[in-house]
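Novice: This is the structure, below, for whatever I ask next.
The values are calculated or read from the model by the stated rules, or taken from the named source; none is laboratory data. The structure presented is a predicted model; accordingly, all values stated were derived computationally and were not measured. No Cβ is skipped: glycine too gets one built from the backbone with ideal geometry, and neighbour counts run over all protein chains shown. Ligands, DNA and RNA are stripped out before the accessible areas are found, and what is left, the full protein with its side chains, is counted by its heavy atoms. Shrake-Rupley method; radii C 1.70, N 1.55, O 1.52, S 1.80 Å.
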Amino acid sequence: MTLLYTHPASYGHETGSHPENAGRIRAIEAAIEAASVPGLAEVEAPRASQEQLNRAHDPEHLAALAAFCASGGGMIDLDTVASEGSWEAALRAAGAACDAVDRLLVGDDSSAFCALRPPGHHAERSKAMGFCLVNHVAVAAAHARARGVERVLVLDWDVHHGNGTEEIFKASPSVLYASIHGWPLYPGTGDIAYTGEGEGEGFTVNMPVPTGAGDDLFTALTDHVVAPVAREFEPGLIAISAGFDAHFADPLASCEVTEDGYREMAATMADVAAELEAPLLICLEGGYDPGALGASVVATLDAVRMGGTTGGSDTSLAEPYRERFRKHWAL
Ligand SMILES: [Zn+2]
């Protein structure tokens, strides 16, 4: 079964006419229901504990953020807004990811999808930004480490670079952060030359792609960079920061990925996870066209259930990237 985490608190994060709004969750829930996706076990997301949050974030920053929401919220920066219900929403989004880690490590289920908001991957240790308050995938990766998982691989296929996740784990050889992201694009981080720091050198794998990049390049990078790096790294958990804003219909970016592209990437990662006997945790990040978002989530869930990557992507498209990472990985 695939655990499907949701919580009504996702609707309480009020952002007004912002592209990151509760309609996104409505679209996902409606698409899953309309498609009658089999093999899903619905779980109501618990709250993340202070201990869980503190592993990825600065406690004083979290307290200030909670107090800001409790006082009614407002604009955090030009892109990022919070309301009174936002803290509860963020706690549930991070709590879902941690609970999923706990349940997946027991071994009865092999995958989980967290369909909650706000997104998380731009949130740094001490900074909320880019529609993100708490970095749920980072909190989950740190939670898995605390539970004894030696290595965690995070693949971030949101069209924007996950500067927050990179920042939180940049010096760690235990959490490998791999990202496929549009370039140039917000937030401006994610240069291919940046591969981490200190003991974490080599464990950040940034794959910026040009405007207009579509299924061909995204699947080639997943098949011929992420998958072989994962096999070499041998993670005990694979987490995906799953934004669906590289879709051709998305209003915030200019990539050309289709539902089938997401299906293919998810199938590859499901196959790699099965091969490595690592559970697969998928956390919703961006995706701002409701129809594209719903269809892409359904395609992702289908692929996680069925696996079966075609492996037919073009190695030569990935070669310029593979060449850059050979200093650290046997590509
Ligand atoms: Zn995004």
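Novice: If you check Ala66 against the conditions, is it among the small types (Gly, Ala, Ser) and assigned to a helix (DSSP H, G or I)?
Specialist: Against the criterion (among the small types (Gly, Ala, Ser) and assigned to a helix (DSSP H, G or I)), Ala66 qualifies.
Novice: Quick one: would you say Leu78 is free of Cβ contacts under 8 Å to residues at least 12 places away in the same chain and in a loop (DSSP other than H, G, I, E, B)?
Specialist: So Leu78 passes the test.
Novice: Please find, within region 197-212, the residue that is farthest from the ligand (Cβ to nearest atom) out of those that are open to solvent by less than 10 Å² (accessible area, probe 1.4 Å) and free of Cβ contacts under 8 Å to residues at least 60 places away in the same chain.
Specialist: For region 197-212, the residue satisfying everything is Gly200.
Novice: Another question, if that's okay. Against the conditions (1) β-branched (Val, Ile, Thr); (2) open to solvent by 60 Å² or more (accessible area, probe 1.4 Å); (3) within 23 Å of Asn206 (Cβ to Cβ), where does Val106 fall short? Just the number, please.
Specialist: Status for Val106: all satisfied but (3).
Novice: Would region 273-288 turn up any residue that is among the small types (Gly, Ala, Ser) and under 21 Å from Trp183 (Cβ atoms)?
Specialist: Yes, some residue in region 273-288 is among the small types (Gly, Ala, Ser) and under 21 Å from Trp183 (Cβ atoms).
Novice: Let me ask another. Given the conditions (1) open to solvent by 10 Å² or more (accessible area, probe 1.4 Å); (2) touching an Asp or Glu at 6+ places or on another chain (Cβ under 7 Å); (3) among the aromatic types (Phe, Trp, Tyr), and given that Tyr194 satisfies all but one, which numbered condition is not satisfied?
Specialist: (2)
Novice: From Thr80, Thr15, Thr6, grab the single residue that is more than 21 Å from Val137 (Cα to Cα) and surrounded by 18 or more Cβ atoms within 10 Å (Cβ to Cβ).
Specialist: Step by step, each of Thr80, Thr15, Thr6 is checked, and only Thr15 is more than 21 Å from Val137 (Cα to Cα) and surrounded by 18 or more Cβ atoms within 10 Å (Cβ to Cβ).
Novice: In the set Glu44, Glu20, which member is surrounded by 20 or more Cβ atoms within 10 Å (Cβ to Cβ), in contact with a Pro (Cβ under 9 Å, 6 or more places away or on another chain) and under 20 Å from Val298 (Cα atoms)?
Specialist: Glu20
Novice: Follow-up question, since we're still on this one. Please pick out the residue among Ser126, Ser111, Ser86 that is open to solvent by 20 Å² or more (accessible area, probe 1.4 Å) and either in contact with a Leu (Cβ under 9 Å, 6 or more places away or on another chain) or more than 16 Å from the ligand (Cβ to nearest atom) (or both).
Specialist: Ser126
Novice: Is there a residue being open to solvent by 60 Å² or more (accessible area, probe 1.4 Å), small (Gly, Ala, Ser) and either in a helix (DSSP H, G or I) or within 21 Å of Leu284 (Cα to Cα) (or both) anywhere in region 50-62?
Specialist: No, there is no match, as no residue in region 50-62 is open to solvent by 60 Å² or more (accessible area, probe 1.4 Å), small (Gly, Ala, Ser) and either in a helix (DSSP H, G or I) or within 21 Å of Leu284 (Cα to Cα) (or both).
Novice: Ok, one more. State whether the residues of region 21-43 include one that is touching a residue at least 60 places away in the same chain (Cβ under 8 Å), within 18 Å of Ala142 (Cβ to Cβ) and not hydroxyl-bearing (Ser, Thr, Tyr).
Specialist: no
Novice: If you go through region 266-315 one residue at a time, how many are on the phi > 0 side of the Ramachandran plot and free of Cβ contacts under 8 Å to residues at least 12 places away in the same chain?
Specialist: Residues that pass the stated criteria total 1.
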